[in-house]
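A.B. asks: Just dropping this structure here.
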Amino acid sequence: MNKIKIHVKKNDIVQVITGKDAGKKGKILNVDLNKGRVIVEGINIVKKHMKPTQSSPQGGIVEQEAAIASSNVMIYCEKCKEPVRINKKFLTDGKKVRVCYQCGEQFDK
């Protein structure tokens, strides 16, 4: 299966730009490169019905985050205080980092 190029990485702070959770911010927990989807902390909460198991004998309904399309999120710049596009920049040691398109703040520390 072909991997899809995604502009965000795990542990990035992002803001949702479309959908029912538009405007909310959260940290990326997981990235699925095959489907082009991300799981963001506290975003797109769904209820899942769990069968009783040995680890949870009660079972019941559990709320958890579901995946959303990576195109529906933008990286949030702490300096600009808004979601921004990113640019790639080469440092003097040859390392490539992601930077804010507006203010130049580095996202890869």
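A.B. asks: Based on alpha-carbon atoms only, what is the radius of gyration of region 13-83 relative to the globular estimate 2.2 N^0.38 Å?
C.D. replies: Numbers: Rg = 14.8 Å, N = 71, 2.2 N^0.38 = 11.1 Å.
Its radius of gyration relative to the 2.2 N^0.38 Å reference: 1.33.
A.B. asks: Moving on. What's the ranking of 19-27, 48-56 by average number of surrounding C-beta atoms within 10 Å, highest first? Spell out each step's value before the answer.
C.D. replies: Values: 19-27: 14.3, 48-56: 8.6.
Per-residue Cβ counts within 10 Å, averaged per peptide and sorted highest first, yield 19-27, 48-56.
A.B. asks: Once the Cβ-Cβ distance between Lys47 and Glu78 is put in as r, and R0 is 25 Å, what FRET efficiency do you end up with, to the nearest 0.05? Before the final figure, lay out the partial values.
C.D. replies: Working: r = 32 Å, r/R0 = 1.30.
In this case the efficiency is close to 0.15.
A.B. asks: To continue, here is another question. Arranged from highest to lowest average of other beta-carbon atoms within 10 Å per residue, in what order do the peptides 57-67, 5-15 appear? Working shown, then result.
C.D. replies: Numbers: 57-67: 10.9, 5-15: 15.5.
Most protected by this proxy first, the peptides run 5-15, 57-67.
A.B. asks: Let me ask you something else. If I build a Gaussian network model for the chain, linking alpha-carbon pairs within less than 10 angstrom, which residue out of Val46, Val16, Val73 has the largest mean-square fluctuation?
C.D. replies: Looking only at Val46, Val16, Val73, the biggest GNM fluctuation is shown by Val46.
No value in this document is a laboratory result; all are computed from the given coordinates. Because the structure is a prediction, the values reported are computed rather than measured. Please note: Cβ atoms are built from the backbone with ideal geometry, for glycine as well, and neighbour counts cover all protein chains shown.
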